[in-house]
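Structure first, commentary second.
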Amino acid sequence: MNAKTEIYKEKLRHLGKTLRYSLYVIFHPFDGFWDLIHEKRGSIGAATIIFIMMLLTQVWTWTYSAFPFYFPQWEYFNLFMRVLPSAVLFFIWCIANWSLTTLMDGKGRLSHIYMASAYALTPFILIRIPLIFLTYILSYDEYTYYAVFANLSIVWCVILFIAAMMMIHDYTIGKALFSSFLTIVAMMIIIFLIIMFFSLITQSFGYFVALYKEATFRLY
Amino acid sequence: MIRKAKKLIIYIILLSMVLIPKDRVSAESESYTYTYEYFDFQLESPDAYTPQALLLGTDLGIGDFNNPKSLFVRDEYLYIVDSGNNRIVVVDRYFELIRVIDKVIMDGEEVTFLNPSDVYVTANGDMYICDADNNRVLHTDADLNVIKTYVKPDDPTVLGETNFIPLKCVVDKAGRLFVLAGNVNQGFMEFDKEGNFTNFTGANPVKATLWQALQKRLMTKEQRARMILFVPTEYSNLAIDKDDFLYATTNTFTTDQLATMKTVNPVRKLNSIGEDILVRNGYEPPIGDLQWGAGGDMTGPSRFEDVTAMDNDTYFCLDRNRGRIFGYDFQGNMLYAFGGAGNKLGYFQYPISIEHMGTDLFVLDNRAVSVTRFTLTEFGKYINEGLALYKEGLYEESAEYWKKALRLNGNYDLAYIGIGRALLRKGEYQEAMKYFKSKRDYNNYSKAFAEYRKEWVEENIQYLLIGAAALVIVPLVISKILKRFKGGAANYERKDRDL
């Protein structure tokens, strides 16, 4: 009993430590991402928490921002469909990047890519959540201030993504940029394949349904 | 047996009445009058204008109109240009015949018209008649003696080979004549008091987008030649308001142009140098219908055929596509739209001209050869009053009328915003914010919010200062205390972070 709680506590402590490490990563991207993988300072659990927090940040931005900044047409607002694209795109990014970098002498494994990508999203959470509070203080004329910080969070994330690509795959900056570009192309191909797959599945399913109906008509 | 069959037939009829779905062509509102809300949805509205009477030529005992082209109102008289019969019929507000003008006196001889298309009457009774197929504009005095005629300018660079076909004309207070001529796309022809052509005014600017310029660069000569020429569009009509601003409509744009290019403006207000100065502060610029349901052979955007500008700077545009009338206030907000295509009173087949007499509206239907009179309802009066007082800056008084309008139509966005403005003026910022938020008026909400914020900070300045001070002092004190009592703890914390 005691040993069990001790292990549990230790796990929790490790999670907290790895989660706190993201704060170090965003300010020291090169050291940070290198150590994240090679010194095992990050964890999948922490990465998942950051990823979920990113999705929640989006949801909170939509639901809690003050009126002029974000006020959707609630009658036609589907939270699931709004959250889904960013979640799906994230996973497709990881898979596309992994499948490309294995061909391009990348050192990173899928778990490394997932972890580093998720850690790179930290500034988005850290900036966007305070921005929600800021919308209650700013008037719409001062939207520029809001936009500056909102864009800053994106730019920061992009820089971190590139640094992460460089460190986990042991790439030069040029190769990191090139592989990121190729990854986006690969993402498009994957999305295309998914859509085609689903449409083909529905059509072939429809074929068998029609076949069954036809057969039942003939039999009776 | 027969009885049974009869019963059966009745049952079938009754059943079919219940079971056959009432087919709805589109999501458009079915009421006669409607407004648009922030998300461009149609909302039903009580009538602001109702059709009162219909005039046919036979009612006057002068035979049916034939291809009537235009209406004009001066004071209490309505001039109907009966083009097919080569005459101008003058009636009063209640459709009593005053006179029929079918000839004028030129150099002592009587001259008739050939397919007259428009008429303009100045305040002192002078008439300008667009005698289209005689290629001239006749200027007569009140007794129909021709003072002068405006013909094709001698200068060959002005019109070239094209004939001078005056279609519409207006005259400003200085006596300048503006003519909308057929087959001319340089704008309106402007003539001075003496009858000389001075210049073209108000040409549509032709602007190629960056993409079009790039496209043109990459094309071969043959491709370029095959491309559609970018020419300025022709105007469809013009009107003049009490301050001598020209209102012009155009309807020769494609759906794509309207959707993608912001340069297509179906209705414009031109100043003396031909610049478009129409205020477009509404949810959408004044383009007529925002939902283009395709039903009854009518597709695409509204096509404005005519415009009339009221004395309070409200203007009404006439859409020939769906036979509707769109009212806009001086800020470009859509007040309401009404009308439709059909054969009932208040519906049109091919509306072609609109004019106003006081607050009454007259609409000419070219195919039904009729004139319809519309009068303002109580609801419309409240809106007019609210707008008039608002324009004078009497926000609180205008709010009273907006409240009355709101009692008749709880969906009326402008009323909410009008009340919000009055509250903003009164200094009740929080209330004003509520009204603006309900109708998503970002700009006014922002103004009210900025004031509210200022007020709030002034009231709570002491707490803010204490809070800010506490934010600085409390962590300092705590860290000091921690250091004193648990010397090791702070060390442990730091080590942990670096790990």
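The values are calculated or read from the model by the stated rules, or taken from the named source; none is laboratory data. Since we're looking at a predicted model, the values are computed, not measured. Methodologically, a virtual Cβ is constructed for each residue, glycine included, from the backbone with ideal geometry; neighbour enumeration extends over all protein chains shown. We work out accessible area using only protein heavy atoms, side chains counted, and drop any ligands, DNA or RNA first. Shrake-Rupley method; radii C 1.70, N 1.55, O 1.52, S 1.80 Å.
Taking θ = phi - 60°, what integer Hz values does the Karplus form 6.51 cos²θ - 1.76 cosθ + 1.60 yield along the stretch A:122-135, in sequence order, with x for Gly and Pro?
3, x, 4, 5, 5, 8, 5, 5, x, 5, 4, 5, 5, 5
Under 5 Å between amide hydrogens, which residues at least 5 positions from B:Leu167 or on another chain qualify, with H placed 1.01 Å from N in the peptide plane?
B:Leu180, B:Ala181, B:Gly182
Cα to Cα, under 18 Å, and not fewer than 8 places away if on the same chain: which lysines meet these conditions relative to A:Lys11?
A:Lys40
Can you figure out the FRET efficiency of A:Phe27 with B:Trp456, using R₀ = 30 Å and their beta-carbon distance, to the nearest 0.05?
Calculated transfer efficiency: 0.25.
Give the interface area between chains A and B as buried accessible surface, both sides summed, probe 1.4 Å, in Å² to the nearest 100.
1500 Å²
Test of understanding: what is the full-extension gain from B:Arg99 to B:Leu214, defined as 0.36 nm times their sequence separation minus their Cα-Cα distance?
Taking 0.36 nm per residue and subtracting the Cα distance, the gain is 35.4 nm.
Tell me which DSSP H helices of chain B clear both cut-offs, 27 Å or more of axial length from alpha-carbon atoms and a mean Kyte-Doolittle hydropathy of at least -0.5.
Details: long enough: B:461-485 (36 Å, 1.70).
Helices meeting the criterion: B:461-485.
Does any residue of the stretch A:129-147 lose at least 30 Å² of accessible area with all protein chains in place compared with its chain alone, and if so which ones (probe 1.4 Å)?
The answer is A:Ile137, A:Ser139, A:Tyr140, A:Asp141.
Along the stretch B:239-252, what does the Karplus equation 6.51 cos²θ - 1.76 cosθ + 1.60 (θ = phi - 60°) give for ³J(HN,Hα), rounded to whole Hz, x for Gly and Pro?
Those phi angles translate into 9, 10, 9, 5, 9, 6, 8, 8, 9, 10, 10, 9, 9, 9 Hz.
On the protein heavy atoms, probe 1.4 angstrom, tell me the percent of accessible surface of the stretch B:345-499 carried by carbon and sulfur.
54 percent
Using θ = phi - 60° and the Karplus relation 6.51 cos²θ - 1.76 cosθ + 1.60, list the HN-Hα couplings for the stretch B:307-315 in order, rounded to whole Hz, with x at every Gly or Pro.
Each residue of the stretch B:307-315 in turn: 9, 9, 9, 6, 5, 8, 6, 6, 10 Hz.
List the GluC sites (Glu not before Pro) within the stretch B:97-185 that DSSP assigns to loop and that have no more than 13 neighbouring Cβ atoms inside 10 Å. Don't jump to the answer; show the numbers that get you there.
Numbers: sites: B:Glu109, B:Glu110, B:Glu161; in loops: B:Glu161.
Passing sites in the stretch B:97-185 are B:Glu161.
Using Stokes-Einstein with the Kirkwood hydrodynamic radius over Cα pairs, what translational diffusion coefficient do you get for chain A at 37 °C and a viscosity of 0.692 mPa s, in µm²/s rounded to a whole number?
Answer, rounded: 162 µm²/s.
Gap in Å between the Cα centre of the stretch B:415-463 and the Cα centre of the stretch B:331-352?
Cα centroid to Cα centroid, the span is 37 Å.
Given points 7 Å out from each Cα along the Cα-Cβ axis, report the A:Tyr145 to B:Leu14 separation in nanometres with one decimal.
Each label point is offset 7 Å from its Cα along the Cβ direction, giving 7.2 nm.
Can you return the lysines within cross-link range of B:Lys216? Criterion is Cα-Cα under 28 Å, with same-chain partners fewer than 8 residues away left out.
Counting by Cα, and skipping residues close in sequence, B:Lys216 has these lysines nearby: B:Lys207, B:Lys262.
Excluding residues fewer than 8 places away in the same chain, name every one of the lysines whose C-alpha is closer than 25 Å to that of B:Lys344.
Partners within reach: B:Lys22, B:Lys69, B:Lys381.
Nearest 10 degrees, 0 to 90: what angle lies between the long axis of helix A:79-103 and the longest principal axis of chain A (Cα atoms)?
It works out to around 80 degrees.
Can you classify the stretch A:2-72 as rounded, prolate or oblate using the Cα gyration tensor, where a ≥ b ≥ c are the square roots of its eigenvalues, rounded means a/c under 1.5, and otherwise it's prolate if a/b beats b/c and oblate if not?
oblate
Would you mind checking B:Lys404/B:Lys434; B:Lys269/B:Lys403; B:Lys391/B:Lys434; B:Lys426/B:Lys454; B:Lys391/B:Lys447; B:Lys148/B:Lys269 for any pair whose Cα atoms are more than 21 angstrom apart?
B:Lys269/B:Lys403; B:Lys391/B:Lys434; B:Lys148/B:Lys269
So what's the gap between the Cα centers of the stretch B:30-82 and the stretch B:127-175, to the nearest angstrom?
28 Å
Do any residues of the stretch A:52-81 show a loss of at least 50 square angstrom of accessible area between the isolated chain and the full protein assembly, using a 1.4 Å probe, and if so which?
Residues passing the criterion (a loss of at least 50 Å², heavy atoms only) are A:Phe67, A:Phe71, A:Gln73.
What residues qualify as long-range amide H neighbours of B:Asn251, i.e. H under 5 Å apart, gap of 5 or more or another chain, H built at 1.01 Å from N?
Sorted by chain and number, the residues that satisfy this are B:Ser236.
Rg(Cα) of the stretch A:64-132 divided by 2.2 N^0.38 Å? Numbers along the way, then the final one.
Numbers: Rg = 16.6 Å, N = 69, 2.2 N^0.38 = 11.0 Å.
So the stretch A:64-132 has a normalised radius of gyration of 1.51.
Could you give the accessible area per residue of chain B, probe 1.4 Å, as a whole number in Å²?
53 Å²
For a quick check: with amide H placed at 1.01 Å from N, whose amide H comes under 5 Å from B:Ile147's, ignoring anything fewer than 5 positions away on the same chain?
Close amide H contacts, sequence-distant or interchain: B:His139, B:Thr140, B:Asp141.
In a GNM of chain A with a 10 Å cut-off on Cα contacts, which of A:Met115, A:Met104, A:Met166 has the highest mean-square fluctuation?
Result: A:Met104 has the largest fluctuation of those listed.
Over the stretch A:2-219, give the accessible area per residue in Å² for a 1.4 Å probe, as an integer.
Ligands and nucleic acids excluded, the figure is 60 Å² per residue.
Within chain A, what's the longest stretch lacking trypsin sites (Lys or Arg not before Pro) that sit in DSSP loops with no more than 14 other Cβ atoms inside 10 Å? Don't jump to the answer; show the numbers that get you there.
Values: sites that count: A:Lys40, A:Lys107, A:Arg109.
Between exposed loop sites, the widest span is A:110-220.
What is the mean projected area of the alpha carbon convex hull for the protein assembly as shown, to one decimal in square nanometres? The partial results should precede the final answer.
On the way: hull surface 223.9 nm².
Approximately 56.0 nm², given one-decimal rounding.
Mind jotting down a quarter of the surface of the convex hull over the alpha carbons of the stretch B:112-167, in square nanometres, one decimal?
The number I arrive at for the stretch B:112-167 is 4.1 nm².
Take the alpha carbon gyration tensor of the stretch B:37-376, find the square roots of its eigenvalues, order them as a ≥ b ≥ c, and report rounded if a/c is under 1.5; if not, report prolate when a/b exceeds b/c, else oblate.
oblate
Ignoring solvent entirely, what values of log10 I(q)/I(0) come out of the Debye formula for the stretch B:399-459 at 0.25 Å⁻¹ when each Cα is a single scatterer?
-0.93
Does any residue of the stretch B:442-466 lose at least 20 Å² of accessible area with all protein chains in place compared with its chain alone, and if so which ones (probe 1.4 Å)?
Those residues are B:Tyr442, B:Tyr445, B:Ser446, B:Phe449, B:Arg453.
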